[in-house]
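As structure tokens, the structure follows; a few thoughts come after it.
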Amino acid sequence: MTFPADLLSGYSRYRNKSFLPNKRALEDLAIYGQKPKVLVIGCCDSRVTPEGIFDVGPGELFVVRNVANLVPPYEEHGDYHGTSAALEFAVHGLKVEHIVVLGHARCGGIAAFRAEDAEPLSPGNFIGKWITLLQPAARTLACNPVDHGLEPQMAMEFAGIRQSLKNLRTFPWVEDLETKNRLALHGAWFDIRSGQLKLMDPETALFHDAETNQVVVGV
């Protein structure tokens, strides 16, 4: 099979509309390296692109994406740790000042977790194993629901963001830098359909609209 024609067409547009007008800035990035201040941990869903949502250009965000925007707890041993490796580089190598866990509406990873009887997509069941990281969030949601009246999918999406923030703090160097006010952690949620962004209040853990500051409540 040949390389996708749509991607080649897109590359041509990029060269003419984005690269050439910003050639000098991109050359500087290539020569002097990247210095983003923000790490975004987002979902790999093709409909949710952090660079598009926050309207930023090359070099402004360091982004790691995985199924359901999950952060595993700190673990020195085990197998491969892609998200933890990106976190390590962002904090120690790039010295980012902010970490944003960005969830979204209609998340397929969250839906897969909630569908307990779903068949694995492959013999490896990689998604099924990965989303077990949501189990602590589900237990917390059942025992102490923070959000009231929200439909279960959205409530679990919010809970997953809170759990990832909690897991971030199990990394000793993240907790240390946060305590010293050299690193700030944030939770955010994006609605694909409405284009609205919700931010998590660090004190109450409730989500509110980024523009109106209204707390998200059920109906």
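The values are calculated or read from the model by the stated rules, or taken from the named source; none is laboratory data. Values in this document were obtained by computation on a predicted structure and should not be read as measured data. As a convention, Cβ positions derive from the backbone with ideal geometry for all residues, glycine included, and neighbour counts pool all protein chains shown. What goes into the accessible areas is simple: the full protein's heavy atoms, side chains included, and nothing from ligands, DNA or RNA. Shrake-Rupley method; radii C 1.70, N 1.55, O 1.52, S 1.80 Å.
Screening GLY59 against (1) part of a loop (DSSP other than H, G, I, E, B); (2) open to solvent by less than 60 Å² (accessible area, probe 1.4 Å); (3) at pLDDT 95 or above; (4) out of contact with any Lys or Arg (no Cβ under 8 Å at 6 or more places or on another chain) leaves a single unmet condition, (4). Taken over region 153-162, the residue count meeting the criterion of being without any contact (Cβ under 8 Å) to a residue 40 or more places away in the chain and buried (at least 23 other Cβ atoms within 10 Å of the Cβ) is 1. Being under 25 Å from the mean Cα position of the chain (by Cα), among the hydrophobic types (A, V, I, L, M, F, W, C) and assigned to a helix (DSSP H, G or I): is that true of LEU20 here? It is false that LEU20 is under 25 Å from the mean Cα position of the chain (by Cα), among the hydrophobic types (A, V, I, L, M, F, W, C) and assigned to a helix (DSSP H, G or I).
Selection of region 97-138 for residues being crowded, with 22+ Cβ neighbours inside 10 Å, in contact with a strand residue (DSSP E or B) (Cβ under 9 Å, 6 or more places away or on another chain) and not in a strand (DSSP E or B) yields CYS107, GLY109, ILE110.
Among the residues here, LEU150 does not qualify as under 20 Å from GLY109 (Cα atoms), free of Cβ contacts under 8 Å to residues at least 24 places away in the same chain and not charged (D, E, K, R). In region 53-64, the residues that are touching a residue at least 12 places away in the same chain (Cβ under 8 Å) form Cβ pairs under 9 Å with partners that are aromatic (Phe, Trp, Tyr), at six or more places apart or across chains, as follows: ILE53/PHE190; GLU60/PHE54; LEU61/PHE54; PHE62/PHE89. No other residue among THR170, THR204, THR212 is surrounded by 10 or more Cβ atoms within 10 Å (Cβ to Cβ), outside any helix (DSSP H, G or I) and either at pLDDT below 95 or acidic (Asp, Glu) (or both) apart from THR204.
For region 172-216, a residue qualifies if it is within 17 Å of the chain's Cα centre (by Cα) and closer than 15 Å to VAL96 by Cα, and the qualifying residues are VAL174, LEU183, ALA184, LEU185, HIS186.
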